[in-house]
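First comes the structure, then the notes that go with it.
Just so it is clear, none of the values below were taken in a lab; they were calculated from the coordinates. Values in this document were obtained by computation on a predicted structure and should not be read as measured data. Note: ideal-geometry Cβ built from the backbone for every residue, glycine included; neighbour counts use all protein chains shown.
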Amino acid sequence: MEKEFVTRNQKETKKLGETLAAELCGGEVICLSGELGAGKTTFAQGLLEGLGAKGPYTSPTFVVMKHYEIKTPKNGNTRNAYHVDAYRIGSDDMLNLGWEEIISGKENIIIVEWAERLESIIPECAVRIDFSWKSENERRMIFRSRK
């Protein structure tokens, strides 16, 4: 399945992330790829906010990965969200940080910026979102999933 969205500002990009959050149940890997400045981090911030993660939501560029605990409103159970920035790392580095354990958690939601740098370890069922500039004030997001 493939679907395209266009946003005209950061607020719209963030809102799109919040909207996707409402569809997640746990066990998803959300792969964000595309040009620098095309909205990956803003989208991830909206996604984390929509999941109910406690902010602030800053890019994990230098720490590589941030972990957030999320209480599910329906039953109060705890889920985990992981926000990964793979700009400075490769697949071997991510494996050393516990990637296999993280993706095996059925309650975990993993958001990966610069996912193309980890392609060899991304599960086939991952949701892929490609970000690009459509014009000076517009960003295009193409959602791809195998579901």
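In a simple Cβ point-charge model (Lys, Arg +1; Asp, Glu -1; nothing else charged), the chain has a dipole of about 540 debye relative to its Cα centre. Could you tell me which of rounded, prolate or oblate describes the range 83-130, using a ≥ b ≥ c as the square roots of the eigenvalues of the alpha-carbon gyration tensor, with rounded for a/c under 1.5 and, failing that, prolate when a/b is larger than b/c and oblate otherwise? It comes out oblate by the Cα gyration axes.
For the range 49-147, the list of GluC sites (Glu not before Pro) that fall in a loop by DSSP and count at most 12 other C-beta atoms within 10 angstrom reads E124, E136. When the chain is treated as a GNM, springs tying every alpha-carbon pair under 10 Å, which of S33, S104, S91 comes out with the largest mean-square fluctuation? In the Gaussian network model the winner is S104.
Return the percentage of antiparallel bridges among DSSP beta bridges fully within the chain, rounded to the nearest 5 %.
60 percent
Of the GluC sites (Glu not before Pro) in the range 12-47, the ones in a loop by DSSP (not H, G, I, E or B) with at most 12 other beta carbons within 10 Å are E23, E35. Among the listed pairs K15/K66; K40/K106; K71/K134; K11/K134; K3/K66, those whose Cα-Cα separation exceeds 26 Å are K71/K134; K3/K66.
What list do you get for S59, S120 if you sort them by fewest beta carbons within 10 Å? Don't jump to the answer; show the numbers that get you there.
Values: S59 16, S120 10.
Taking fewest neighbouring Cβ atoms as first place, the list is S120, S59.
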